[in-house]
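Heads up, the thing below is written out as structure tokens.
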Amino acid sequence: MTADIAISPLLPWPVLAVLGVIGLALLVLSAVRRGRGTVLRALALGVLVVALLDPRATSETREHQPDVAVVLIDDSPSQAIDERKAQTEFALDSVRAALGRFDNLQIKLVRVVGDGTPDTSDSGEGGTRLMGALARAFADVPESRVAAAIVITDGQVHDVADEAATASLPNPMHVLLTGRRDEMDRRLVVEEAPGFGIVGEAVTVRFRVVDRPETQRGRAGAVPARVSFSLDGADAHSVVVPVGEAQTYSFTLDHAGSTVLEMAAEAAPGELSSLNNRAVVRINGVRDRLRVLLVSGQPHAGERTWRNLLKSDPSVDLVHFTILRPPEKDDMTPLRELALIVFPIHELFEVKLGEFDLILFDRYIVRDVLPPSYLRNIVEYVREGGALMLATGPEFAGLRSLFRTPLGELMPSVPTGEVMEQGFLPLLTETGRRHPVTAPLVLDPTSQDRQWGRWFRQIEVTRRSGHALMSGIGDRPLFVLDRVDKGRVGMLMSDHVWLWAREFEGGGPQAELLRRLAHWLMKEPELEEERLSAHVQRGRLTIERRSLESSVPAVTVTTPSGETREIALEAAERGIARATIEADEPGISRVDDGSRTTLAVSGGLHSAELADLRATDEHLAPLAAAAGGGLAWIEADGVPEFRRTRPGRDTAGRGWMGLRENRAYVVTGFVQVSLLPGLLILGLVIAAMAAAWWREGR
């Protein structure tokens with residue numbers, strides 16, 4: 001409760017001024033003429049003026065507001081190194097105990113997480129952003145209540161140059177630094193790496209091993225360091241490189257899709273941490289142009305199905321070889337006279353056969369156009385890693401079947417000689433529901449009968465190898481895929497897939513089926529039947545294992561710190577088992593299922609947070625000085641004493657840090673009482689005027 005005198009004029013100030021001047025002039029005139037009663041008139045005028053000013057006694061009821069001190073704790077990954085976490089907790093306990101002794105002080109704790117943690121709002125690829133977090137912490141605190149900000153960190157702050165974040169820093173701001181002044185750190189820096197490369201061609205990665213502070217150089221040149229390289233989790237090999245000098249590493253992409261290059265530099269003597277000694281580069285392998293050789297034989301209604309599909313893909317170079325001579329034509333006419341342009345059979349099937357990514361026979365019938373030697377070339381081509389697709393028709397069951405050529409040894413299915421012609425629904429087999437080529441075709445397997453149209457011809461075969469993904473009449477194999485040595489073979493035992501393209505009875509997923517089939521034959525990594533993958537998102541590691549088997553083994557996860565865990569996978573979508581675990585460590589996690597290995601990166605190995613792990617006062621010392629605060633190294637200086645200081649006084653000194661004592665308040669009540677009641681004023685004026693008249697009358 002406080003009381004003050006307040007003036008509330010009954011008339012505007014200009015009017016009061018004019019009346020006051022007139023009254024004063026009359027008093028002066030009366031005094032000059034030596035009039036009697038001047039003093040009494042002056043007294044009456046004074047009472048009137050005071051009455052018009054209406055003085056009031058003002059009484060306020062005030063509620064004092066506590067000052068706010070924000071304690072900002074840096075929980076970024078670099079704070080987990082060495083003894084920094086223990087130093088942070090010690091400093092936090094000391095600060096809490098010291099500030100807890102002060103009355104009228106509110107303590108606000110704010111933790112700022114960093115790379116690799118579930119909440120990356122204040123960090124991430126841009127590093128630890130303490131200044132932005134500090135500004136947000138004081139956003140709802142009036143300046144009149146700010147006591148101080150106390151920041152506990154290792155000094156690796158990456159938004160000090162952000163004017164928006166540092167424009168409204170509190171005053172004072174004190175800094176308590178973890179770590180040591182003389183720390184040494186080594187880092188592996190990837191200076192240049194391509195995002196993609198051409199399969200079969202070499203790619204080059206440029207890197208540098210950096211020591212901070214810089215390693216002393218001897219007479220023989222730079223200090224060497226050993227760097228190891230590993231592709232897709234395979235056994236690593238290593239080279240010795242000089243520290244501080246840019247180096248290159250080249251390798252050849254041997255498959256499409258993602259290739260993971262893992263690089264690791266050996267730890268330096270006395271190094272703070274090897275967390276940033278590793279780097280991962282992901283390079284997406286793409287084929288320059290997919291070269292496909294399409295050989296069309298017996299004419300049929302869907303002859304252009306494969307051609308239209310392949311020509312619609314701009315990344316495919318298609319060579320279409322059509323055989324037009326019917327089998328009954330036997331007039332000994334030379335082949336070169338049956339075509340306007342002599343087709344380069346020798347170049348295609350012998351000289352340049354290995355340049356094709358896929359060879360496709362569409363209802364081919366043996367007509368002695370391709371001699372057995374060329375077909376044997378195709379057999380060797382497949383065994384060495386090529387791809388062969390057979391779209392069969394009735395001729396496959398006869399004497400002119402490709403099965404009776406050298407290609408027969410590659411085929412996973414043997415024709416029985418019977419051609420079945422009746423309406424049937426192509427259905428996915430149990431394996432087909434799990435295989436990546438066909439699993440996505442139908443979201444609801446129970447409703448596929450109503451979604452897909454019928455076919456009307458199927459060549460009966462007996463499967464001897466591979467996987468039957470689709471079945472037809474009497475559950476007989478309709479679509480079979482197989483691996484032969486390094487190559488792949490696909491067989492479709494019907495020539496009626498074109499009915500789906502014509503939307504017969506609603507059609508079916510013809511384009512998607514043939515497209516996925518072609519990419520599987522050309523070894524697209526995303527379509528592998530047995531595949532292990534892992535990725536980190538929002539601080540959680542997701543592991544996926546695709547398999548044709550109904551049960552998959554548990555996987556072993558090796559964390560960036562070297563800890564191993566065995567994780568069981570649970571069935572999810574068809575053919576996929578999945579598990580998700582916490583990934584709160586930045587770095588590279590390795591996932592192994594016994595036969596396959598994959599890597600996952602959490603926290604961004606190339607982020608600013610891991611660029612330099614040494615504790616430093618370089619970034620925060622100028623800001624603390626400008627904000628009237630102090631800076632202390634916890635290990636060397638200990639936690640300083642904390643005091644309350646009045647506004648305008650020093651807030652930091654040797655061995656102590658101050659918190660401003662503002663004594664802020666809010667007014668909760670307000671009462672005004674007039675000091676000159678109306679009756680009192682009236683009585684005084686009448687008495688003064690009567691006395692003045694009496695004095696004049698004498």
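The values are calculated or read from the model by the stated rules, or taken from the named source; none is laboratory data. All values reported here derive from a predicted model rather than from experimental measurement. Here the Cβ positions follow ideal geometry from the backbone for every residue, glycine too, while neighbour counts run over all protein chains shown.
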Residue among Val281, Val295 that is assigned by TED's automatic domain parsing to the domain that holds Ser315, in contact (Cβ under 8 Å) with a residue 12 or more places away in the chain, surrounded by 19 or more Cβ atoms within 10 Å (Cβ to Cβ) and not in a loop (DSSP other than H, G, I, E, B): Val295
Pairs where the first residue, in the stretch 620-642, is at negative phi and the second is of a type in the set (S, T, N, Q) and buried (at least 22 other Cβ atoms within 10 Å of the Cβ), C-beta under 7 Å, 6+ apart: Gly629/Thr651; Ile634/Gln87; Ile634/Thr178; Glu635/Gln87
Identity of the residue in the stretch 445-474, in a helix (DSSP H, G or I) and exposed (fewer than 15 other Cβ atoms within 10 Å of the Cβ), that ends up modelled with the highest pLDDT: Gly474
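Every residue, every condition in (1) among the hydrophobic types (A, V, I, L, M, F, W, C); (2) modelled with pLDDT of 80 or more; (3) over 30 Å from Asp182 (Cα atoms); (4) over 41 Å from the mean Cα position of the chain (by Cα), yes or no:
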| residue | (1), (2), (3), (4) |
| --- | --- |
| Gly35 | no, no, yes, yes |
| Asp54 | no, no, yes, yes |
| Gln65 | no, yes, yes, yes |
| Val70 | yes, yes, no, no |
| Ser78 | no, yes, no, no |
| Ser94 | no, yes, no, no |
| Phe102 | yes, yes, yes, yes |
| Val112 | yes, yes, no, no |
Condition check for Ile588: outside any loop (DSSP other than H, G, I, E, B) and at pLDDT 90 or above: no
Residue count for the stretch 355-374, restricted to those that are in a helix (DSSP H, G or I), modelled with pLDDT of 90 or more and either farther than 18 Å from Phe403 by Cα or aromatic (Phe, Trp, Tyr) (or both): 1
Single residue of the stretch 403-439 satisfying the filter (under 54 Å from the mean Cα position of the chain (by Cα) and assigned to a helix (DSSP H, G or I)) that is nearest to Val461 (Cα to Cα): Phe403
Filtered residue count, the stretch 406-433, keeping only those that are of a type in the set (Gly, Ala, Ser) and more than 27 Å from Phe504 (Cα to Cα): 3
Residues of the stretch 645-661 classified as hydroxyl-bearing (Ser, Thr, Tyr) and not in a loop (DSSP other than H, G, I, E, B), total: 1
Residue match in the stretch 158-170 (condition: among the charged types (D, E, K, R) and assigned by TED's automatic domain parsing to the domain that holds Glu271): no
Yes/no for Ser471 being in contact with a strand residue (DSSP E or B) (Cβ under 6 Å, 6 or more places away or on another chain), of a type outside the set (Lys, Arg) and more than 16 Å from Met389 (Cβ to Cβ): yes
Residue identified as surrounded by 13 or more Cβ atoms within 10 Å (Cβ to Cβ), of a type in the set (A, V, I, L, M, F, W, C), assigned by TED's automatic domain parsing to the domain that holds Gly508 and at pLDDT 90 or above among Val437, Val442: Val437
Inter-residue pairs, beta-carbon under 6 Å, first polar (S, T, N, Q) and in the stretch 250-267, second surrounded by fewer than 16 Cβ atoms within 10 Å (Cβ to Cβ), 6+ apart: Ser250/Ala202; Ser250/Thr204; Thr252/Ala202; Ser258/Arg282; Ser258/Asn284
Residue list for the stretch 375-402, filter: assigned to a helix (DSSP H, G or I), more than 52 Å from the chain's Cα centre (by Cα) and either surrounded by fewer than 19 Cβ atoms within 10 Å (Cβ to Cβ) or among the small types (Gly, Ala, Ser) (or both): Pro394, Ala397
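Right, Glu143: in the same structural domain as Ala624 (by TED's automatic domain parsing), surrounded by fewer than 19 Cβ atoms within 10 Å (Cβ to Cβ) and under 20 Å from Arg644 (Cα atoms) or not?
Yes.
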